[in-house]
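The values are calculated or read from the model by the stated rules, or taken from the named source; none is laboratory data. Every value quoted in this text rests on a predicted model; they were computed, and no experiment measured them. Cβ placement follows ideal geometry from the backbone for every residue including glycine, while neighbour counts extend to all protein chains displayed. To get the accessible areas, we keep the full protein, side chains included, count just its heavy atoms, and leave off ligands, DNA and RNA. Shrake-Rupley method; radii C 1.70, N 1.55, O 1.52, S 1.80 Å.
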Amino acid sequence: MSSLARPATITIDPRSADVSHCVVQVTSPSGSHVPIKVSGELPSKLTAEFQPQEVGPHTVNVIMDGESVGGSPFTCNIYDVTKVQVTGLDHSKVNRPVTFTVDASQAGEGTLELVVTTAKASVRAEVAARSRGLYDVTFTPQEPIPHFVNITFNEEDVIGSPFKCEVRELEPREVRHLQRKESQMVTAKGEGLRQVVTGNVASFTVDTKGLDGELDIRVTGPDGGQIPARLVKLRSGLHRAEYRADQVGSYSVAVLHQGAPINGTPYTVEAADPHRVTLQSAGDCFSSHECALKVDASGAGRGSLSVGVRAAGQDVKHSIRDLGGGLYKVLFYPRVPIPHKVDVRYNGVPVQGAPFEVPVRNPATGHSMTATGLGLHQARVNKCTSFVIETLGQPSKEFDVIITGPQDWAVSVRCYQQKDGNLLAEYTPHMPGTFKIDVLCANKHVKGSPFFCTAYDAAKVVVDYRKTITAVGEPCVFKLDKSEAGTADLDVQLVAPSGVVTPLEVKGGPAGETVEWVPDAPGQYRITILYGGEEVPGSPLTVEVGESGLASVKGAGLEGGAVDTPLTFTVDGRGLLGEPHVTVDGPDSVARVNVRKQDEGLYQVTYIPHEVGIFDVRVQWNKRDVAGSPFHPKIVDPARVRLIGGWSSLLDPQDRLELTPREEKRLAFDVSEAGPGRLRAELTHEGQPLEVGVDQNGPRARLLFTPPGEGSYELCLWYSDLLLPNMPIYGIAEPVNTGDHTRVTLRGHGLTTARCGDRSEFVIDGSLAGPGAPDVTMTGTKADVNVTLNHQGGGIWQAEYTPMVPGAYLLNVMWSDRQVRGCPLKVNVESVADASRVVCSGEGLRHGMVGNQIKSFIDTRRAGPGELTVTCTGPQKVALCDLEDHGDGTFTLNVRPQESGRHALNVKYEGEHVPGSPYTLKVAGAPDPSKVKVYGPGIEHGVLAAYQSRFICDTRGAGAGQLTVRIRGPKGAFRVEMQRESQKDRTILCKYDPTEPGDYRMEVKWSGEHVPGSPFMVMIFDTQDELNRYMAGGYSPGGAGGAQSDYYGSIGYGTTYGAVTFGQMSWRGSQAQL
């Protein structure tokens, strides 16, 4: 770039290149050659200088040794600052806008800068582009002092700059008039000025038209109280006012600018609460009878009630009666006995629970032979539907059901006898349209027959909406075509950025249905489209709404494209000050971006992605994101769409795809490396298009088509709407000898069992089967497994797969689209062992005794297949461990310790410790009854009246065991007590209570063996004389004979020295096993 007023200079640097001659040519915009002077000598730098005579782009071609240098020809823009004209700048008054024009249309390309200043500060000025290079500039002086307008073009002062504008004070009358006039210019609009819903935030926007001055929002509630209002200035220059209505009633909203009310204020806003509207049925509804619903809106506030009634996708006639006092009665006349949807709205807002479903019954039920059910009136395409035939006891063989489709096609019907004697009829419609259903009994129509059912297909609804980016206040319109989808309810809902869901009105017309809405706030909106309760293709739509006044962006480069291919889009900021800033980030790279200015405020952006994936394209204008930024284009590589097995195995010597007439052809593709896209195909036969099925799931895509006859075919494939290399593929269908699939054999371990995470293999041997190729699928109840095929040559194929989910799978192998003998095969996939799911239980994990088996139980059923190992190590010796396998994943562990003391019991599954392992096993020594000492008056003779029956058993040093005390005495009752001070106390105090004289036999045993002195014989007498005579010899206290009573007590010591049992037990009672 250079000025017309001075010579343009060019520097040429050969950078040590071996060149000997340099020529510089300059061409003006009119096509004439401009003289140029070149100074300097090669190989040093050269300086070229020319004096331009015209304004505009000059072409500069630099030729060295007969070849143009890189980037040549170059463009040099010549401008003339003297051609910039400023008109209309006159003296003014305070607060009165000043507008003047700057015309740079004849000055050439460049940057025009303008600043309005005073001696104190700068003044805000607004620039509006009228055309290319022609601008209107407006500023409003605030002080009665001189204002200066500084204008530069390409950093050169425009002739006359700075321009002086004298400003004087307004007269008081002019000030008042100006304020009133400015306030009248301010406008307000929005739903918050008409009607609001209680409990929600109401909002509206105020446009001050760029006027300075204070805004004030005053909201008065129904009770006369002031409601707080919030005022937010948006980046677009508009103001958003928000307030919350918590009461039902009329609100007054006043908008003031500089203390003066704007035009139309105050606004009267009605606040209603649709949630207070209630709906009540007036009784049971029957088809062909008038049905009534009561609506109570008495507590909802002032508003209007609207009702819609639909059944089977059809509007049902209805009426609303105003009963007064906010009460209404809705009347409708159902024609069919199926549920009816009643949509009730108050002030356009759905009431709580809407839409309501009102059941409608058949009045003939139970009285006449008829049929009932939704399947008689509405059905979904390709989904089984049903209805019930009421037989009234007639034999089922007398009934017949005939269903005729839209093109007089017969539809198959299945009937089932039910427990109540009625018949359940099921059928599946395969296309949208009206189906005629004849229900006959003894060749006569039942009541209501024939029935007419409307079938719909939500997948046939076409949504035409390409504008995914818009601005606040701009209408958004999209069209819906349901002409091929049948008849059903169409519901469109808008989800705002705040999360509020608003139903959108669908307007019908000769060209289809149209939906229109106007966003009132920036953010991301979602539009959900339901047809018969199902989402249509393309739903939900996502619309990015930006603030008004920001640049707009459009172009294919925002949607996606091919790797290593230039992608472009445009940024339109015409009429705005500033310039765009663009960055493009890939999954693992940053793409270079080229921004080229096409016009004033219009830019073309070009970038080249070098990897596949989803990119982030961020577009900013004056450091603010434009609407929709960042964008996410999908970059793909069609060359990486790979036919599994390769094209060579399917093509004949003339590179034609071999086809068989009327036999389905399947082509499997691997798209895992092609990026995020969808495969699309077109097939023609003798110039006529044919239907092609494409099933894409994850990294696999499958093409299915059936050649209708002999002849030539042409197949074209696209990935993400980009044509694949080497397309089209030509095919030929002619009678050929197909391979014999019965001679294909399978072998390998991968045909029967596999293990999660491990690769399994098997071989498909078609060497004897003739021409053909295999197709393998592996399906399970929880997941499917991808099987990779590698051609080994000679009809031999290697199949590999790696399952990740355990369970049973069906492995199906096809050869030339025919099932191989023995398929499908059942493959059991075993899970990887999980030691954390092994459960160990039993006392044998905690304590035991030398000489006894220590048992515990181990359950590995939930841990998967694996190896169970057990080791037990004592202080000096290793204990013997024995695992008893029960054959169901459970084991009994027997540990035989060889010494006492703490043992470490290690239980591992597949080399990993199970929960709790290693266990600390406390092993006690074998019991030694000889170490038990028994002493005390209770084992000595005595007199009954003064007898002391206590005695002590000292088990210290006797090892682990169980102490048992058994006493036999004359007839009579007494009690044996055994006590000790703590769980670890080895000294036991024993007591019994003899009630009569006689012979007493006391047995004290330790682990079943008598202790020293046991059994003890004790004689108890009535008197001291009898005791003395006995001691002298020969006297026995045995009084009246009788049966003796047996009593005993026991205390058991385990390896933890804590298990104690007190009290009386039967002789055959259980004892603690130590």
- For the range 59-74, name all the residues that are closer than 27 Å to ASN154 by Cα and either assigned to a strand (DSSP E or B) or among the hydrophobic types (A, V, I, L, M, F, W, C) (or both). THR59, VAL60, ASN61, VAL62, PHE74
- Note on the structure: Note on ALA833: of the conditions (1) outside any loop (DSSP other than H, G, I, E, B); (2) under 29 Å from ARG862 (Cβ atoms), unmet is (1)
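Among the residues of the range 487-544, write down those that are among the hydroxyl-bearing types (Ser, Thr, Tyr), surrounded by fewer than 16 Cβ atoms within 10 Å (Cβ to Cβ) and assigned to a strand (DSSP E or B). Full working, then the answer.
Quick first cut of the range 487-544, residues among the hydroxyl-bearing types (Ser, Thr, Tyr) only: 487, 498, 502, 514, 525, 528, 531, 539, 542.
Among the residues that remain, those that are also surrounded by fewer than 16 Cβ atoms within 10 Å (Cβ to Cβ) are: 498, 502, 514, 542.
Passing the criteria: THR502, THR514, THR542.
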- For the range 655-665, state whether one or more residues are out of contact with any Pro (no Cβ under 8 Å at 6 or more places or on another chain) and exposed (fewer than 14 other Cβ atoms within 10 Å of the Cβ). yes
- Query: PRO915 versus (1) part of a strand (DSSP E or B); (2) open to solvent by 60 Å² or more (accessible area, probe 1.4 Å): which is the lone unmet condition?
  - Reply: (1)
- Task: Go over the candidates ARG747, ARG755 one by one and state the one that is surrounded by fewer than 19 Cβ atoms within 10 Å (Cβ to Cβ), outside the structural domain of LEU643 (by the TED database) and either free of Cβ contacts under 8 Å to residues at least 40 places away in the same chain or not charged (D, E, K, R) (or both).
- Result: ARG747
- Task: Could you name every one of the strands (runs of 3 or more DSSP E) located completely within the range 921-971 that has at least 2 residues being touching a residue at least 24 places away in the same chain (Cβ under 8 Å) and surrounded by 22 or more Cβ atoms within 10 Å (Cβ to Cβ)?
- Result: 951-954, 961-969
- Query: Which members of the range 985-1018 meet the condition of being open to solvent by less than 40 Å² (accessible area, probe 1.4 Å) and touching a Phe, Trp or Tyr at 6+ places or on another chain (Cβ under 6 Å)?
  - Reply: CYS990, TYR992, PRO994, PRO997, MET1002, VAL1018
- Search result, residues across the range 791-829 that are assigned to a strand (DSSP E or B) and open to solvent by 60 Å² or more (accessible area, probe 1.4 Å): HIS791, GLN792, LEU810, ARG818, GLN819, LYS826, ASN828
- Message: I need the full set of residues from the range 84-94 which are in a loop (DSSP other than H, G, I, E, B) and either open to solvent by 70 Å² or more (accessible area, probe 1.4 Å) or under 23 Å from GLY110 (Cα atoms) (or both), in order please.
- Response: VAL84, GLY88, LEU89, ASP90, HIS91
- Query: Identify, please: which residue in the range 155-192 is in a loop (DSSP other than H, G, I, E, B) and in contact with a strand residue (DSSP E or B) (Cβ under 6 Å, 6 or more places away or on another chain) and is, among those, modelled with the lowest pLDDT?
  - Reply: LEU170
- Task: Look through the range 432-486, keep the residues that are at pLDDT 85 or above and aromatic (Phe, Trp, Tyr), and return whichever of them is farthest from PRO406 (Cα to Cα).
- Result: PHE451
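Take the range 378-429 and flag every residue that is hydroxyl-bearing (Ser, Thr, Tyr), in a strand (DSSP E or B) and open to solvent by less than 60 Å² (accessible area, probe 1.4 Å). Please lay out each step first, then the result.
Quick first cut of the range 378-429, residues hydroxyl-bearing (Ser, Thr, Tyr) only: 385-386, 391, 396, 404, 412, 416, 427-428.
Subsequent filtering for residues that are in a strand (DSSP E or B) retains 385-386, 404, 416, 427.
Of everything in the range 378-429, those that are hydroxyl-bearing (Ser, Thr, Tyr), in a strand (DSSP E or B) and open to solvent by less than 60 Å² (accessible area, probe 1.4 Å) turn out to be THR385, SER386, THR404, TYR427.
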- Flagged in the range 694-718 as of a type outside the set (Val, Ile, Thr), farther than 28 Å from HIS632 by Cβ and open to solvent by 30 Å² or more (accessible area, probe 1.4 Å), in numbering order, are LEU704, PRO708, GLU710, SER712, GLU714
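Could you identify the single residue in GLY325, GLY259, GLY308, GLY264 that is closer than 30 Å to VAL388 by Cβ and small (Gly, Ala, Ser)? Walk me through how you get there before you give the answer.
Values: GLY325 fails: closer than 30 Å to VAL388 by Cβ; GLY259 fails: closer than 30 Å to VAL388 by Cβ; GLY264 fails: closer than 30 Å to VAL388 by Cβ.
Exactly one residue qualifies, and that residue is GLY308.
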- Residues that are open to solvent by 50 Å² or more (accessible area, probe 1.4 Å) and among the β-branched types (Val, Ile, Thr): find the strands (runs of 3 or more DSSP E) completely inside the range 560-610 holding 3 or more of those. none
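Out of the range 833-859, which residues are within 29 Å of GLY961 (Cα to Cα) and open to solvent by less than 20 Å² (accessible area, probe 1.4 Å)? Full working, then the answer.
Residues of the range 833-859 within 29 Å of GLY961 (Cα to Cα): 840-858.
Answer for the range 833-859, where residues must be within 29 Å of GLY961 (Cα to Cα) and open to solvent by less than 20 Å² (accessible area, probe 1.4 Å): GLY844, LEU845, GLY848, MET849, ILE854, SER856, ILE858.
Return yes or no: is GLU867 charged (D, E, K, R), open to solvent by 80 Å² or more (accessible area, probe 1.4 Å), more than 30 Å from GLU977 (Cβ to Cβ) and in contact (Cβ under 8 Å) with a residue 60 or more places away in the chain? Reasoning before the result, please.
Numbers: charged (D, E, K, R): yes; open to solvent by 80 Å² or more (accessible area, probe 1.4 Å): yes; more than 30 Å from GLU977 (Cβ to Cβ): yes; in contact (Cβ under 8 Å) with a residue 60 or more places away in the chain: no.
Here the answer is no, as GLU867 does not meet what is asked.
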- What are the residues in the range 816-834 that are touching an Asp or Glu at 6+ places or on another chain (Cβ under 8 Å) and hydrophobic (A, V, I, L, M, F, W, C), if any? ALA833
- Say whether the condition of being surrounded by fewer than 19 Cβ atoms within 10 Å (Cβ to Cβ), at pLDDT 85 or above and more than 22 Å from ILE227 (Cβ to Cβ) is met by at least one residue in the range 262-273. no
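Residues are listed down the side, and each one gets a yes or a no for (1) assigned to a loop (DSSP other than H, G, I, E, B); (2) open to solvent by 40 Å² or more (accessible area, probe 1.4 Å); (3) out of contact with any Pro (no Cβ under 9 Å at 6 or more places or on another chain):
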site: VAL19; (1), (2), (3): yes, no, no
site: VAL23; (1), (2), (3): no, yes, yes
site: PRO35; (1), (2), (3): yes, yes, yes
site: GLU41; (1), (2), (3): yes, yes, yes
site: ALA48; (1), (2), (3): no, no, yes
site: CYS76; (1), (2), (3): no, no, no
site: ARG96; (1), (2), (3): yes, yes, no
site: THR101; (1), (2), (3): no, no, yes
site: GLN106; (1), (2), (3): yes, yes, yes
- Only unsatisfied item for VAL477, checking (1) open to solvent by less than 50 Å² (accessible area, probe 1.4 Å); (2) within 30 Å of VAL342 (Cα to Cα), is (1)
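Considering only residues that are within 30 Å of GLY864 (Cα to Cα) and either among the polar types (S, T, N, Q) or buried (at least 19 other Cβ atoms within 10 Å of the Cβ) (or both), which ones fall in the range 765-788?
Of the residues in the range 765-788, the ones within 30 Å of GLY864 (Cα to Cα) are 776-788.
Correct list: VAL776, THR777, MET778, THR779, THR781, VAL785, ASN786, VAL787, THR788.
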- Item | Check on SER287, more than 18 Å from VAL349 (Cβ to Cβ), at pLDDT 85 or above and over 38 Å from the mean Cα position of the chain (by Cα) | no
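State whether one or more residues within the range 342-349 are surrounded by fewer than 19 Cβ atoms within 10 Å (Cβ to Cβ), assigned to a strand (DSSP E or B), of a type outside the set (Ser, Thr, Tyr) and assigned by the TED database to the domain that holds ALA312. Can you show your working first?
Of the range 342-349, the ones surrounded by fewer than 19 Cβ atoms within 10 Å (Cβ to Cβ) are 343, 348.
Subset that is assigned to a strand (DSSP E or B): 343.
Next, from what is left, pick out any that are of a type outside the set (Ser, Thr, Tyr): 343.
In the following step, the residues that additionally are assigned by the TED database to the domain that holds ALA312 were identified as 343.
So far as the range 342-349 goes, yes, one or more of its residues are surrounded by fewer than 19 Cβ atoms within 10 Å (Cβ to Cβ), assigned to a strand (DSSP E or B), of a type outside the set (Ser, Thr, Tyr) and assigned by the TED database to the domain that holds ALA312.
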